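The values are calculated or read from the model by the stated rules, or taken from the named source; none is laboratory data. The shown structure was predicted, so the numbers you read here are calculated from the model rather than taken from an experiment. Cβ placement follows ideal geometry from the backbone for every residue including glycine, while neighbour counts extend to all protein chains displayed. Please note that ligands, DNA and RNA were not included when accessible areas were found on the heavy atoms of the full protein model with its side chains. Shrake-Rupley method; radii C 1.70, N 1.55, O 1.52, S 1.80 Å.
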Amino acid sequence: AQSVTQLGSHVSVSEGALVLLRCNYSSSVPPYLFWYVQYPNQGLQLLLKYTSAATLVKGINGFEAEFKKSETSFHLTKPSAHMSDAAEYFCAVSVLGTSYGKLTFGQGTILTVHP
Amino acid sequence: DAGVTQSPTHLIKTRGQQVTLRCSPISGHKSVSWYQQVLGQGPQFIFQYYEKEERGRGNFPDRFSARQFPNYSSELNVNALLLGDSALYLCASSTGGGIEQYFGPGTRLTVT
């Protein structure tokens with residue numbers, strides 16, 4: 001079975017500062033990894049995904065993440081935070097098999113951006 | 001193109017009642033998954049359907065059931081509602097491979 005741990009339920013940064021949201025995964029087989037963003041009272045929007053191609057993945061809104069197998073990590077970064085980045089972020093893992101890509105999510109990290 | 005749509009947006013039910021939630025996938029997507037998101041937690045997988053067949057089931061009681069129709073839309077049914085069923089119910093659609101899932105806005109269910 002796979003699992004995801006997001007380190008830090010709340011992260012606070014200043015506008016223009018680096019954003020770093022941490023995600024570690026556990027999977028017995030090569031995983032697919034995802035970051036989703038959720039704005040208040042909305043569904044989930046896919047930011048980026050890792051599907052065994054390049055280990056550095058670029059997504060929307062200037063976000064990127066690096067897959068590090070040796071560290072079982074998939075941390076999300078953005079060089080310069082914007083006020084509009086304030087939201088909740090979820091890391092998720094999936095493996096194709098009998099469940100055809102069931103997503104297992106972490107607990108989420110709420111990002112606050114201060115002016 | 002329209003994204004994943006869900007109805008209703010919100011609903012309030014009483015303990016013991018039954019509820020049906022609806023989802024329409026993105027055009028061309030044949031797989032639909034349902035997730036439950038309790039306040040303050042990440043979404044939890046409930047069901048996945050592909051071509052009208054159940055492909056996966058999460059750790060939820062038999063009070064939860066679902067089905068997929070020939071047009072690939074889906075319904076999630078919950079019987080004998082409990083207070084703990086209060087949550088945001090998310091539907092996601094994907095192509096047959098199911099790798100990349102696109103989520104709808106969710107249905108907020110409140111059980112009183």
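Summary table
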quantity: Low-density loop positions, GluC sites (Glu not before Pro), the stretch B:1-79 - DSSP coil, at most 16 other Cβ in 10 Å; calculated: B:E51
quantity: Surface per residue (accessible, 1.4 Å probe) for chain A, Å²; calculated: 48 Å²
quantity: Low-density loop positions, GluC sites (Glu not before Pro), the stretch A:22-115 - DSSP coil, at most 13 other Cβ in 10 Å; calculated: A:E71
quantity: The stretch A:23-81-the stretch B:20-87 distance, computed between alpha-carbon centres (Å); calculated: 24 Å
quantity: Percent of Cα pairs exceeding the 26 Å cut-off, where the set is the protein assembly as shown; calculated: 36 percent
quantity: Loop-located trypsin sites (Lys or Arg not before Pro) in the stretch B:1-42 whose Cβ has at most 13 other Cβ within 10 Å (DSSP); calculated: B:R15
quantity: Gyration tensor over alpha-carbon atoms, chain B, equivalent ellipsoid semi-axes in Å; calculated: 22, 14, 13
quantity: Among beta bridges that DSSP assigns inside the protein assembly as shown, antiparallel share in %, nearest 5; calculated: 90 percent
quantity: Which listed pairs, of A:K102/B:K30; A:K102/B:K13; A:K49/A:K78; A:K49/A:K102; A:K58/A:K102, have C-alpha distances above 20 Å, in listed order; calculated: A:K102/B:K13; A:K58/A:K102
quantity: Mean shadow area of chain A over all directions, Cα convex hull, nm²; calculated: 6.9 nm²
quantity: Residue-by-residue Karplus 3J(HN,Hα) for the stretch B:84-92, coefficients 6.51, -1.76, 1.60, Hz, glycine and proline x; calculated: x, 7, 5, 5, 8, 9, 10, 10, 10
